[in-house]
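One structure is given here, and the rest of the page talks about it.
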Amino acid sequence: MIKGQWYPGNMSRAISQLRQDLKAIDLIIELLDARIPASSRNPAFDKLFRDKKHLLLLHKADMAEDALTRSWLDYYIRSGLKAMAFSVHKKHYINSLLQYLKQQEQNMHKGRLKRPLRMIFVGIPNVGKSTLINLFVHKAVTKTGNRPGITRGRQWIRVLPGMELLDTPGILRPKNTEDAARSLAAVGAIPAGQIDMPDIALWLVNQYLVKDKLHILLNRYHDLDPGDADRIFEQVGISQGCLQTEGKIDEERTAALLLRDFQGGALGRLTLEDPPQ
Ligand code: G4P
């Protein structure tokens, strides 16, 4: 299903860099993918973040199912963790995050500490860390006028009054279990060259069936007769013209198309993991 080892050696370099960075950090903002909150979070990192203020952001919430995002947030609250839903595409989420940060900054400055609140974004590859940094850089540039938002190397970006953000996100190694690997591959967090695409796409089609969301696939691809995942997969290939010369479907192309559609949002909102009971 996953070809060879994914995320090799440089991940441990990233972790030791992160360990260094954390010494200067007041607030860790850990990004999870709201479609796969379990697989995009590696509890092993709790140890790394011990003694630091820690916020979980269920990112890309615009692509997840609202009801399940709420269930996940309830679950985190029950577990004693601070968590918020987020999407760079939804203004109300951005405003809630800014409000939370302002509150943290005020709390910190109630004490004797006079330096800015220092933050870092961390998360697995492709979860949206750079996008979020860019959002803040944009805000910083518009806020401070002539101050350059970002400079080369590891730098602090002065994002809002009294707050600084490390311009380089911390990259975390995702969970490395078979179950997690499928979810991670489906959302694009494992490079395409390292996954068995037909296997992942078939699994994804089955998630739509299990969750009673076949209508989404029917809407998108037309001319499909209901059937099991194999049958639907084959019909998607035929209806989208992903064919080999002998008239059989090209499984790789069919899978790539399905995964691209899912990752790009063309297959609607789907959360692949439920919170523990
Ligand atoms: P990383 O630094 O953690 O590796 O992730 P990055 O910011 O590069 O984001 C990965 C992909 O996730 C990008 O899409 C980005 O646009 C998308 N993304 C980030 N935040 C959100 C969000 O809140 N909602 C949705 N739906 N997508 C989000 P891409 O297709 O790889 O690149 P691009 O063509 O959009 O630039």
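Return a yes/no flag: does segment 99-113 have any residue that is within 13 Å of the ligand (Cβ to nearest atom) and out of contact with any Gly (no Cβ under 8 Å at 6 or more places or on another chain).
No: segment 99-113 contains no residue that is within 13 Å of the ligand (Cβ to nearest atom) and out of contact with any Gly (no Cβ under 8 Å at 6 or more places or on another chain).
Does residue 67 qualify as being under 14 Å from residue 37 (Cα atoms) and within 16 Å of the ligand (Cβ to nearest atom)?
No, not satisfied.
This table checks each residue for (1) of a type outside the set (Phe, Trp, Tyr); (2) in contact with a helix residue (DSSP H, G or I) (Cβ under 6 Å, 6 or more places away or on another chain); (3) closer than 30 Å to residue 100 by Cα.
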| residue | (1), (2), (3) |
| --- | --- |
| 169 | yes, yes, yes |
| 184 | yes, no, yes |
| 194 | yes, no, no |
| 208 | no, yes, no |
| 217 | yes, yes, no |
| 249 | yes, yes, no |
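What do you reckon, is residue 162 modelled with pLDDT of 90 or more and on the phi > 0 side of the Ramachandran plot? Spell out how you get there, then give the answer.
Working: modelled with pLDDT of 90 or more: no; on the phi > 0 side of the Ramachandran plot: yes.
No, not satisfied.
Test residue 26 against the stated conditions and say whether it is open to solvent by less than 30 Å² (accessible area, probe 1.4 Å), more than 25 Å from residue 182 (Cα to Cα) and of a type in the set (D, E, K, R).
Values: open to solvent by less than 30 Å² (accessible area, probe 1.4 Å): no; more than 25 Å from residue 182 (Cα to Cα): yes; of a type in the set (D, E, K, R): yes.
In short, no.
Being in contact (Cβ under 8 Å) with a residue 40 or more places away in the chain and either surrounded by 13 or more Cβ atoms within 10 Å (Cβ to Cβ) or in contact with a strand residue (DSSP E or B) (Cβ under 9 Å, 6 or more places away or on another chain) (or both) narrows it down to one residue among 259, 243, 218; which is it?
259
Collect the residues in segment 70-92 that are open to solvent by 40 Å² or more (accessible area, probe 1.4 Å) and within 16 Å of the ligand (Cβ to nearest atom), keeping them in residue-number order.
89, 90, 91, 92
Residue 14 fails exactly one of the following numbered conditions: (1) open to solvent by less than 50 Å² (accessible area, probe 1.4 Å); (2) out of contact with any Ser or Thr (no Cβ under 6 Å at 6 or more places or on another chain); (3) more than 30 Å from residue 199 (Cβ to Cβ). What is the number of that condition?
(3)
How many of the residues in segment 214-236 are of a type in the set (D, E, K, R) and at positive phi?
1
The values are calculated or read from the model by the stated rules, or taken from the named source; none is laboratory data. The shown structure was predicted, so the numbers you read here are calculated from the model rather than taken from an experiment. So basically every Cβ, Gly included, is an ideal-geometry build from the backbone, and we count neighbours across all protein chains shown. Accessible surface is based on the protein model in full, side chains and every heavy atom, while ligands, DNA and RNA are left aside. Shrake-Rupley method; radii C 1.70, N 1.55, O 1.52, S 1.80 Å.
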